[in-house]
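Engineer: This structure is in structure tokens; I'll ask about it shortly.
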Amino acid sequence: MTYRVLYFATLRDQAGRDEESIVSDAADVSAFYEELRGRHGFSMPREKLRVAVNGEFAGWDRALRDGDEVVFIPPVSGG
Amino acid sequence: MTYRVLYFATLRDQAGRDEESIVSDAADVSAFYEELRGRHGFSMPREKLRVAVNGEFAGWDRALRDGDEVVFIPPVSGG
Amino acid sequence: MTNFHISGEAIDVSALARRLADARAGACATFEGWVRDHNEGRGVKRLDYQAYVPLAQAEGERILAEARARYAIVGALCVHRTGALAIGDLAVWVGVSAAHRGAAFDACRYIIDEVKKRVPIWKNEHYADGESGWLHPNNTPVE
Amino acid sequence: MTNFHISGEAIDVSALARRLADARAGACATFEGWVRDHNEGRGVKRLDYQAYVPLAQAEGERILAEARARYAIVGALCVHRTGALAIGDLAVWVGVSAAHRGAAFDACRYIIDEVKKRVPIWKNEHYADGESGWLHPNNTPVE
């Protein structure tokens, strides 16, 4: 399947890009993050991140479908 | 002695004037208010009022001197 | 210009905001009191404010000094109107700048609460039924 | 226009204030977040904000709806900047109108607190010493 990923803040710096499309066998969000971690060397542990799929917050066990947009959300700092 | 009095809010309405100069034998603020109450029929009891003499808050036992400016301050309602 | 001001003219909010600007400040809390179309269940058409100006200005400056002493703020300003106001008009403006938002909010709230309790300003409401009346601090009628 | 808005352009405060105006409202509390020249003891030169815009707007609208449900308010608006900001620039604006001031203050505070905790916006501070870093919600560095 192909997933779209958007990167923000620390994850964007470490991935060296704003977004990418990735062909992956990862069945859920959790497996997909571990795959990206291996690829980009993300230093941030899962416990510090939230997840959004297709623009809405989702759980780490959320099953992924072809074409899903996935965003891993580092601790926010607006305001 | 002659005292200057300024009136605000309910006291202004009941006195029918903004201010006046009064020749009085009242030695302190307390006696002076009773005199004005008799003159203008003020309905407001002393307990509801604060007092200022010459632009600063003062006590009811404040002795008055010739030329003092006295203001009896009804409950305020700014904001 | 003074930090607390009694004004017979419309309040210039953007001039006040410019006076508060400070590179050390990360937060600014403001409060505006507007003339509302009702009070205690009665329709209100307009208001008049009277103030004992010299004492009001002195007491207002005291309140701002108390706020600066109690809270870690950078600047604090307040202007209160006198005269005739219509529905929607700005009656009082308070602005506080601070490094952090907690102090800005707390000081802004402190200032408006104390102004309403202590500063010699009086509000006369003109009601839709043609009556009018002076108000107590809790917005109930005097009599 | 939406009640919560992510803006790449300077925030037009007077347009927002006009949108809040309402004859039923006697109180308006606002909060402004300004770019401060220091954080955690370090000199700050400028900031960049990134946002995940669609989710930020959805989460921001949720926060405003929560504020309307929790507090007796009339209107609530919030705008947050993205992009490059200089010292003194307005980064976020919150405005709440209500019949009475307690609800206006409480709702305004609730909104900015929740925005800072929940809305996917990230601040990158550029320090006077040439370093830069992403921040946590409590304004401490990420690493």
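Engineer: In the stretch A:34-62, whose amide N lies under 18 Å from the spot 7 Å out along Cα-to-Cβ of D:A65? List them in ranges.
Structural biologist: A:53-58
Engineer: Averaged over peptide C:30-41, how many Cβ atoms belonging to another chain are found within 10 Å of each residue's Cβ? Mind dumping the intermediate values first?
Structural biologist: Numbers: counts 8, 9, 12, 8, 10, 3, 10, 6, 4, 2, 0, 0.
Per residue, the number of nearby Cβ atoms from other chains is 6 on average.
Engineer: In nm, what does the list of distances from D:G88 to its counterparts in the other copies look like, shortest first, when each label sits 7 Å along Cα to Cβ?
Structural biologist: 3.3
Engineer: A further question follows. Want the number for C:E9 to C:E131: 0.36 nm per residue separation, take away the alpha-carbon distance, what's left?
Structural biologist: Values: separation 122, 0.36 × 122 = 43.92 nm, distance 2.56 nm.
The C:E9-C:E131 span can extend by a further 41.4 nm.
Engineer: If you fit an axis through the alpha-carbon atoms of helix C:101-118 and take the longest principal axis of the Cα set of chain C, what angle between them do you get, 0 to 90°, nearest 10?
Structural biologist: Helix C:101-118 sits roughly 40 degrees off the main axis of chain C.
Engineer: Which percentage, to the nearest 5, of the DSSP beta bridges contained in the protein assembly as shown is antiparallel?
Structural biologist: Working: 97 of 111 bridges.
Expressed as a percentage, antiparallel bridges in the protein assembly as shown total about 85.
Engineer: Measure off 7 Å from each Cα along the Cα-to-Cβ vector at B:E20 and A:E69, then give the distance between these two points in nanometres to one decimal.
Structural biologist: 7.7
Engineer: What is the average number of partner chain Cβ atoms found within 10 Å of a Cβ in C:20-27? Intermediate results must be reported in sequence, preceding the final value.
Structural biologist: Details: counts 2, 2, 4, 8, 5, 7, 12, 8.
Partner-chain Cβ atoms within 10 Å, mean over residues of C:20-27: 6.
Engineer: Then there's this: Test of understanding: extend the Cα→C-beta vector of D:A23 to 7 Å, then name every residue of the stretch C:77-105 with backbone N under 18 Å from that spot.
Structural biologist: C:85-91
Engineer: Quick one: 3J(HN,Hα) in Hz for the stretch B:54-60, Karplus 6.51/-1.76/1.60 with θ = phi - 60°, rounded, Gly and Pro as x.
Structural biologist: Going residue by residue, I get 6, x, 10, 4, 9, x, 5 Hz, with x marking Gly and Pro.
Engineer: In what sequence, highest mean first, do D:118-127, B:2-11 appear when ranked by Cβ atoms within 10 angstrom? Before the final figure, lay out the partial values.
Structural biologist: On the way: D:118-127: 22.2, B:2-11: 20.1.
Output ranking for D:118-127, B:2-11: D:118-127, B:2-11.
Engineer: Any chance you could count the Lys pairs in the protein assembly as shown whose alpha carbons are under 22 Å apart, treating pairs 8 or more apart or on different chains as valid?
Structural biologist: Eligible lysine pairs with Cα atoms under 22 Å apart amount to 10.
Engineer: Near the amide H of C:A91, under 5 Å away, which other amide H atoms are found, from residues 5 or more places off or on another chain, if H is placed in the peptide plane?
Structural biologist: Long-range HN contacts for C:A91: C:G33, C:W34, C:V35.
Engineer: Spin-label point model (7 Å from Cα, Cβ direction): what's the C:E40 to A:T2 distance in nm?
Structural biologist: 7.1
Engineer: Would you mind counting up the charge near C:R24? Only other residues with Cβ under 12 Å from its Cβ, with Lys and Arg at +1 and Asp and Glu at -1. Before the final figure, lay out the partial values.
Structural biologist: Working: positive: D:R36; negative: C:D22, D:D37.
The answer is -1.
Engineer: Would you calculate, for chain C, the mean residue ellipticity at 222 nm contributed by helices, counting each DSSP H stretch of 4 or more residues as -39,500 (n - 2.57) and dividing by all residues, to the nearest 500? Show your work: numbers first, answer last.
Structural biologist: On the way: 3 runs with 44 residues, N = 143.
Rounded to the nearest 500, it is -10000 deg cm²/dmol.
Engineer: Let me ask something else about it. Ranking request for peptides C:12-24, D:35-47, C:49-61: highest mean number of other beta-carbon atoms within 10 Å first, then the rest in descending order. Mind dumping the intermediate values first?
Structural biologist: Values: C:12-24: 14.4, D:35-47: 16.5, C:49-61: 20.4.
Result, highest mean Cβ count within 10 Å first: C:49-61, D:35-47, C:12-24.
Engineer: Turning to a different aspect of this structure: Where Lys and Arg each count +1 and Asp and Glu each count -1, what net charge lies around C:D89 among other residues with Cβ under 9 Å from its Cβ?
Structural biologist: Once positives and negatives cancel, what remains is +2.
Engineer: Which ³J(HN,Hα) values in Hz, rounded to whole numbers, follow from the phi angles of the stretch A:33-42 under the Karplus curve 6.51 cos²θ - 1.76 cosθ + 1.60, where θ = phi - 60° and Gly and Pro get x?
Structural biologist: Per residue, the Karplus-derived 3J(HN,Hα) values read 5, 4, 5, 5, 4, x, 6, 10, x, 4 Hz.
Engineer: Hey, got the average number of other protein chain Cβ atoms within 10 angstrom for residues in C:109-119?
Structural biologist: Partner-chain Cβ atoms within 10 Å, mean over residues of C:109-119: 3.
Engineer: How large is ³J(HN,Hα), in whole Hz, for each residue of the stretch D:61-73 in order, when computed from phi with the Karplus curve 6.51 cos²θ - 1.76 cosθ + 1.60 and θ = phi - 60°, using x for Gly and Pro?
Structural biologist: For the stretch D:61-73, the Karplus-derived couplings read 4, 4, 4, 5, 5, 4, 4, 5, 6, 7, 10, 7, 10 Hz, x marking Gly and Pro.
Engineer: Counting only Cβ atoms, what residue of chain B lies nearest to the axis that sends chain B onto chain A, and how many whole Å off?
Structural biologist: That would be B:G79, 14, residue then distance in Å.
Engineer: Ranked from highest to lowest mean number of other Cβ atoms within 10 Å per residue, what is the order of the peptides B:25-38, D:64-77?
Structural biologist: On the way: B:25-38: 16.4, D:64-77: 18.3.
Final packing ranking: D:64-77, B:25-38.
Engineer: Every other copy gets compared here: list the nm distances from the C:E9 label point (7 Å along Cα to Cβ) to its counterparts, shortest first, one decimal.
Structural biologist: 3.1
Engineer: What is the local net charge at D:D113, summed over the other residues whose Cβ is closer than 13 Å to its Cβ (Lys, Arg +1; Asp, Glu -1)? Spell out each step's value before the answer.
Structural biologist: On the way: positive: C:R101, D:R70, D:R109, D:K116, D:K117, D:R118; negative: D:E66, D:D106, D:E114.
Here the charged neighbours net out to +3.
Engineer: Name the shape class, rounded, prolate or oblate, that the alpha-carbon gyration tensor gives for the stretch B:2-73, where a ≥ b ≥ c are the square roots of its eigenvalues, rounded holds for a/c under 1.5, and otherwise prolate holds if a/b is larger than b/c and oblate otherwise. Could the numbers behind the result be given before it?
Structural biologist: Details: a/c = 1.39, a/b = 1.25, b/c = 1.12.
Since a/c stays below 1.5, the shape of the stretch B:2-73 is classed as rounded.
Engineer: Quick query: amide H of D:S7 versus all other amide H atoms, modeled in the peptide plane; which residues come in under 5 Å with a sequence gap of 5 or more or a different chain?
Structural biologist: D:H80, D:R81, D:T82
Readers should treat all values here as calculations from the given coordinates under stated rules, not as data from a laboratory. Treat the numbers as computed from the prediction; the structure is a model and nothing was measured. Cβ atoms come from the backbone with ideal geometry, glycine included; neighbour counts cover every protein chain shown.
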